[in-house]
Amino acid sequence: AKGTYIGFYDCHVAPAVDWFKETIDLLAVKERRLVVPMIADLDLDTWDEKVHGALTAKCYINFNADFWWYEDESDFIPVISGGLVATTQKWWKDSGGFDPGMRGWGGENTDQSLRAWLCGGDVVRARTSRVAHMWRIDSDKRTLSHFHLKHQTDNLARVAALWFGEFKDKFRDGGLNPSINVSSAAQRIKELQCKPFVYFLHRFRKLYRKGGVLPDNVFKLRLKGSGKCISRSGSSLRLAECKVATKLHFANWVPPGFPHPDEFNVNETPGHEVQCGAHTARSCAECPRGHGEGYCNNDCRWLFGDCIPRAPARAPLPPPADMFSGIRLWNAIECFDRLDPTGPILYFCDLAGSNQNQQYFLDQRGRLRHSSGNCVSADPAQQKLRSSQCQDASEWEKVEGFTPVETTRYFASVREHGLTDHGPDS
């Protein structure tokens, strides 16, 4: 490539008209920069962008170097997804290009992103640059890969060995192979005068701190009055002995409309009937009559499985600083997701908190409420979880809580490097 700018785009894409213009404009501003287009869904029948399809661009990583998508208002991107990115030719050459020790797909996106952020550059999205991308879907044979590399290297481990620094023992629970040789890439990092990994975590502290990836408290959820806790079982959850159960923590941002703890503590006036809709009751709690949300109206409103008094019109209560909207598995990228009759399933965490399937709330009584209006209950005899109405739901309690080492280390490193909260956080 001889041009000023260099781009990497999958072959299974369809760029929109003038897709490159904003990308080039953004690169012209800053040499050490990666630019990602808005990634649309590809219609395989027309080989064009799907009408009313989704648009995405932003990813983040956890301490296992796994990446996943999220969305917010900022145009800065922590990690690119892969083969849809452009940069300047000078930065590509100066930074060393692809890591020659990597083979196969994955990891190179994180390596390039951390190289930009920690070595004087940044990563941004171009909102008017649209490129439709074909996603691989098992049910559609047209999207399946026809070629497979026989000698794939552990690229994510190379990322951790090269970039994670004092946090690399968090990679796969301390499973980083010490024999991985990243010496040549490390020399390039030294020449570029790159910063430690904590600078990346702190630059995106809205994700890592406010999104709960760096949690203050890790715990287990125990069924009250038992020795059983919620634990992972494949892609779902079940009851297990607490001593071997999965460690959890609260995570994900609080979206508009998510319950404030005080909203469940509104006092009702004794002896005053409330209008539930077409009928009245002595209290909002008595409105549903087993029919749920449809019987909770007028003077009352339905909130995560409870019919509560409708508060006077006022500005929404701001969420407490330590409040989150979901529950995440510690050292993993999955959260409690859809509440099925057999209990919650697991899926990749939605850091933004907008996925209602992942909205859970542990109330003061210990009921684990879900946005569906049902609660998580237990069948101790079968060691299984189930969905139930909240009025007779199981009660849970946090046990064996502790502050994880990554969070303690993060704050110590922030102090050591004199980092402040004055700059951007997302």
**Message:** Given the criteria crowded, with 21+ Cβ neighbours inside 10 Å, farther than 13 Å from S129 by Cα, among the hydroxyl-bearing types (S, T, Y) and touching a residue at least 12 places away in the same chain (Cβ under 8 Å), does Y60 qualify?
**Reply:** yes
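Would you confirm whether or not region 209-219 contains a residue that is in a strand (DSSP E or B) and within 30 Å of L339 (Cα to Cα)?
Checked against the condition, which is being in a strand (DSSP E or B) and within 30 Å of L339 (Cα to Cα), region 209-219 yields at least one hit.
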**Request:** Please verify whether region 298-314 includes one or more residues that are outside any helix (DSSP H, G or I), touching an Asp or Glu at 6+ places or on another chain (Cβ under 8 Å), modelled with pLDDT of 85 or more and within 21 Å of R209 (Cα to Cα).
**Result:** no
**Prompt:** Within region 81-121, which residues are open to solvent by 10 Å² or more (accessible area, probe 1.4 Å), of a type in the set (D, E, K, R) and out of contact with any Cys (no Cβ under 8 Å at 6 or more places or on another chain)?
**Reply:** K90, K93, D94, D99, R103, E108
**Request:** Return the total of residues in region 11-30 being small (G, A, S), open to solvent by 60 Å² or more (accessible area, probe 1.4 Å) and closer than 17 Å to W135 by Cβ.
**Result:** 0
**Prompt:** So which of W117, W163, W135 is aromatic (F, W, Y), in contact with a Leu (Cβ under 9 Å, 6 or more places away or on another chain) and under 21 Å from S413 (Cβ atoms)?
**Reply:** W163
**Asked** Condition test on L27, is it touching a residue at least 24 places away in the same chain (Cβ under 8 Å) and over 27 Å from the mean Cα position of the chain (by Cα)?
**Response** yes
**Request:** Look at region 27-37 and say how many of its residues are within 13 Å of A116 (Cβ to Cβ) and of a type in the set (A, V, I, L, M, F, W, C).
**Result:** 4
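Output yes when any residue across region 70-79 is aromatic (F, W, Y) and within 30 Å of G353 (Cβ to Cβ), and no when none is.
Narrowing region 70-79 to residues aromatic (F, W, Y): 70, 76.
Retained after the next criterion (residues that are within 30 Å of G353 (Cβ to Cβ)): 70, 76.
Yes; the residues of region 70-79 include at least one that is aromatic (F, W, Y) and within 30 Å of G353 (Cβ to Cβ).
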**Qualifying strands (runs of 3 or more DSSP E) (wholly inside region 318-406; at least 3 residues being of a type in the set (V, I, T), in contact with a strand residue (DSSP E or B) (Cβ under 9 Å, 6 or more places away or on another chain) and under 20 Å from V254 (Cβ atoms))** = none
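Considering only residues that are closer than 20 Å to P15 by Cβ and surrounded by fewer than 19 Cβ atoms within 10 Å (Cβ to Cβ), look in region 122-139 and name the one that is farthest from the chain's Cα centre (by Cα).
T128
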**Item:** Scope region 140-180; condition polar (S, T, N, Q), at pLDDT 80 or above and either open to solvent by 80 Å² or more (accessible area, probe 1.4 Å) or in a loop (DSSP other than H, G, I, E, B) (or both); matching residues
**Value:** T153, N177, S179
**Prompt:** Taking region 409-426 as the search range and keeping residues that are over 21 Å from Y60 (Cβ atoms) and part of a helix (DSSP H, G or I), which one is most open to solvent (accessible area, probe 1.4 Å)?
**Reply:** R415
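Regarding A40, is this residue under 26 Å from F147 (Cβ atoms) and within 26 Å of the chain's Cα centre (by Cα)?
Spelling it out, A40 is indeed under 26 Å from F147 (Cβ atoms) and within 26 Å of the chain's Cα centre (by Cα).
Yes or no, residue by residue, for (1) in contact (Cβ under 8 Å) with a residue 24 or more places away in the chain; (2) farther than 30 Å from D169 by Cα; (3) touching a Lys or Arg at 6+ places or on another chain (Cβ under 9 Å):
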site	(1), (2), (3)
F324	yes, no, yes
C335	yes, no, yes
L339	yes, yes, no
S377	no, yes, yes
K384	yes, yes, yes
S387	yes, yes, no
A393	yes, yes, yes
K398	yes, no, yes
**Fill in**
Within region 377-393, the residues that are touching a Pro at 6+ places or on another chain (Cβ under 9 Å) and open to solvent by less than 70 Å² (accessible area, probe 1.4 Å) are L385, S387
**Asked** Any idea which of N331, N374 is under 21 Å from the mean Cα position of the chain (by Cα) and surrounded by fewer than 22 Cβ atoms within 10 Å (Cβ to Cβ)?
**Response** N331
**Message:** Out of everything in region 232-283 that is assigned to a helix (DSSP H, G or I) and at pLDDT 90 or above, what residue ends up being least open to solvent (accessible area, probe 1.4 Å)?
**Reply:** C242
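The values are calculated or read from the model by the stated rules, or taken from the named source; none is laboratory data. Predicted model, so just to flag it, every value in this text is computed and none were measured. Reconstructed Cβ throughout: ideal geometry from the backbone, glycine too, with neighbour counts over all protein chains shown. Just so you know, the surface numbers come from the protein's heavy atoms only, side chains and all, with ligands and any DNA or RNA stripped out. Shrake-Rupley method; radii C 1.70, N 1.55, O 1.52, S 1.80 Å.
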